[in-house]
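Data block below; observations after.
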Amino acid sequence: NKMSFKLPTMIKAAYISIPFKDILQKVAVSETEVKEYYEKNIKEFQMQKQVLARHILIRPAPGASDIKKAKEDARKKAEDILSLLAKKGADFASLAKKYSDDKASGGKGGSLGYFKQGEMVKHFEDAAFSLKKGGISGIVETEFGYHIIKIDDVKEARLMPFKEAKDIITKKLTETGAKKLALDTASEIQKAVISEK
């Protein structure tokens, strides 16, 4: 009894690979299109106030049997750090590296990067947004523990001018156009393959 090995039915398919950057180069976006996008989507370019902040966090000892005492000890430690910061020449970043219980930001000198309202817990945010550039808060209590906050920079709310937004919009419209062109090209090839069968 001979075994028969039948070849599977072959399906004709065309795979074509066009580098995306080549397609991008084929898409031309005019200044008028860019301006129109800016005017129609002006809300996208309304920048909220942002602060660049650092913090030092002191957490009450986890799993302490006497929670009240753990909180008092943590607060006392935060007060000691605050008095170190009041000394001439004290460096916030160095103290954050040494003492902060937020290890992620502590390694970066306490830096949390820029953030806008609505991104941090309320007490922390209220304190951060009430400070001026270079300002250091008192002790701010949140559910995470006791924070000392320093503001490195403040970006006031503003409308991003067209000149600044132009490159962002051009890139966005070019990429959208290139994706559409890629899909159109693929469907043209697909139609050609089908009609050849």
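The values are calculated or read from the model by the stated rules, or taken from the named source; none is laboratory data. All values reported here derive from a predicted model rather than from experimental measurement. We place every Cβ from the backbone using ideal geometry, glycine too, and count neighbours over all the protein chains shown. Side chains included, ligands, DNA and RNA excluded: accessible areas come from the protein's heavy atoms. Shrake-Rupley method; radii C 1.70, N 1.55, O 1.52, S 1.80 Å.
Note on the range 127-143: residues that are surrounded by 13 or more Cβ atoms within 10 Å (Cβ to Cβ) and out of contact with any helix residue (DSSP H, G or I) (no Cβ under 8 Å at 6 or more places or on another chain) total 5. Considering the range 55-137, the qualifying helices (runs of 4 or more DSSP H), each wholly inside and each with 1 or more residues that are out of contact with any strand residue (DSSP E or B) (no Cβ under 6 Å at 6 or more places or on another chain), within 15 Å of ILE149 (Cβ to Cβ) and basic (Lys, Arg), run over 122-130. Tell me yes or no: at least one residue of the range 177-187 is part of a helix (DSSP H, G or I), among the hydroxyl-bearing types (Ser, Thr, Tyr) and either open to solvent by 60 Å² or more (accessible area, probe 1.4 Å) or modelled with pLDDT of 95 or more (or both). No, every residue in the range 177-187 fails to be part of a helix (DSSP H, G or I), among the hydroxyl-bearing types (Ser, Thr, Tyr) and either open to solvent by 60 Å² or more (accessible area, probe 1.4 Å) or modelled with pLDDT of 95 or more (or both).
Quick check, is TYR114 open to solvent by 50 Å² or more (accessible area, probe 1.4 Å), under 21 Å from the mean Cα position of the chain (by Cα) and among the hydroxyl-bearing types (Ser, Thr, Tyr)? It would help to see each step written out before you state the result.
Values: open to solvent by 50 Å² or more (accessible area, probe 1.4 Å): yes; under 21 Å from the mean Cα position of the chain (by Cα): yes; among the hydroxyl-bearing types (Ser, Thr, Tyr): yes.
Judged against the criteria, TYR114 is a match.
The residues of the range 97-110 that are buried (at least 17 other Cβ atoms within 10 Å of the Cβ) and closer than 26 Å to GLN48 by Cα, listed by number, are SER105, GLY109, GLY110.
Residue by residue, here is whether (1) at pLDDT 95 or above; (2) closer than 22 Å to ASP80 by Cβ holds:
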| position | (1), (2) |
| --- | --- |
| TYR99 | yes, yes |
| GLU141 | yes, yes |
| LYS150 | yes, yes |
| ASP153 | yes, no |
| GLN190 | no, no |
